[in-house]
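Step one of this worksheet: look at the structure below.
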Amino acid sequence: MIPFQFNVDIIDELEKALPSYNLTTTQFVINELIGLKKNLKGKNRVAAGIALKIAKSNSISIKNISLNNGESVDDGLLRISDVLATNDIELKKRAKKKGIPVVYLRQKKYVAFDGHID
């Protein structure tokens with residue numbers, strides 16, 4: 001939802017910062033965005049809609065991965081991610097504890113890394 005919130009082309013920034021990586025998301029993230037778009041109001045609803053449109057774009061591949069029973073979206077992302085792109089503070093902390101490198105938007109304008117990315 002960063003592109004709407006901070007007026008940043010996050011896909012372009014990620015592609016520049018990580019040229020050897022393919023940007024991917026999961027079906028469970030798509031489902032979460034659909035739910036957010038349906039249930040939120042105002043600016044948050046618009047942000048979720050933009051995020052959904054970007055996630056379904058040709059720049060990002062969607063992996064048909066499901067959540068395990070009782071697993072949250074964050075838990076699922078931590079289970080499958082080699083590198084995680086998020087600005088969620090709690091998710092970043094959990095990823096760091098698991099040794100998963102995190103890519104995030106810093107100062108609302110550029111991509112930064114926490115952890116070692118090969």
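The values are calculated or read from the model by the stated rules, or taken from the named source; none is laboratory data. It should be emphasised that the depicted structure is a prediction, and the values quoted were computed from it without experimental measurement. Note that each Cβ is placed from the backbone with ideal geometry, even for glycine, and that neighbours are counted across all protein chains shown. Quick note on the areas: whole protein, heavy atoms, side chains included, nothing else; ligands and nucleic acids left out. Shrake-Rupley method; radii C 1.70, N 1.55, O 1.52, S 1.80 Å.
The condition (being in contact (Cβ under 8 Å) with a residue 12 or more places away in the chain, in contact with a Pro (Cβ under 9 Å, 6 or more places away or on another chain) and among the small types (Gly, Ala, Ser)) is satisfied by just one residue among Ala47, Ala55: Ala47. So, of the residues in region 47-73 that are over 27 Å from Pro19 (Cβ atoms) and of a type outside the set (A, V, I, L, M), which turns out to be least open to solvent (accessible area, probe 1.4 Å)? It comes out as Gly49. Where strands (runs of 3 or more DSSP E) fall wholly inside region 42-118, the ranges with 3 or more residues that are of a type in the set (A, V, I, L, M) and either at pLDDT below 90 or within 13 Å of the chain's Cα centre (by Cα) (or both) are 102-106.
To keep it simple, each residue is scored yes or no on (1) open to solvent by 50 Å² or more (accessible area, probe 1.4 Å); (2) out of contact with any Asp or Glu (no Cβ under 9 Å at 6 or more places or on another chain).
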{"residue": "Arg45", "(1), (2)": "yes, yes"}
{"residue": "Leu84", "(1), (2)": "no, yes"}
{"residue": "Asn87", "(1), (2)": "yes, yes"}
{"residue": "Glu90", "(1), (2)": "yes, no"}
{"residue": "Val111", "(1), (2)": "no, no"}
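Quick one: would you say Val102 is crowded, with 16+ Cβ neighbours inside 10 Å, in contact (Cβ under 8 Å) with a residue 60 or more places away in the chain and among the hydrophobic types (A, V, I, L, M, F, W, C)? So Val102 does not fit the description; no. Could you go through region 78-90 and let me know if any residue there is in contact with a Gly (Cβ under 6 Å, 6 or more places away or on another chain) and not hydrophobic (A, V, I, L, M, F, W, C). No, region 78-90 contains no residue that is in contact with a Gly (Cβ under 6 Å, 6 or more places away or on another chain) and not hydrophobic (A, V, I, L, M, F, W, C). Can you tell me which residues in region 11-26 are outside any loop (DSSP other than H, G, I, E, B) and surrounded by 12 or more Cβ atoms within 10 Å (Cβ to Cβ)? The answer is Ile11, Asp12, Glu13, Leu14, Glu15, Ala17, Thr24, Thr25, Thr26.
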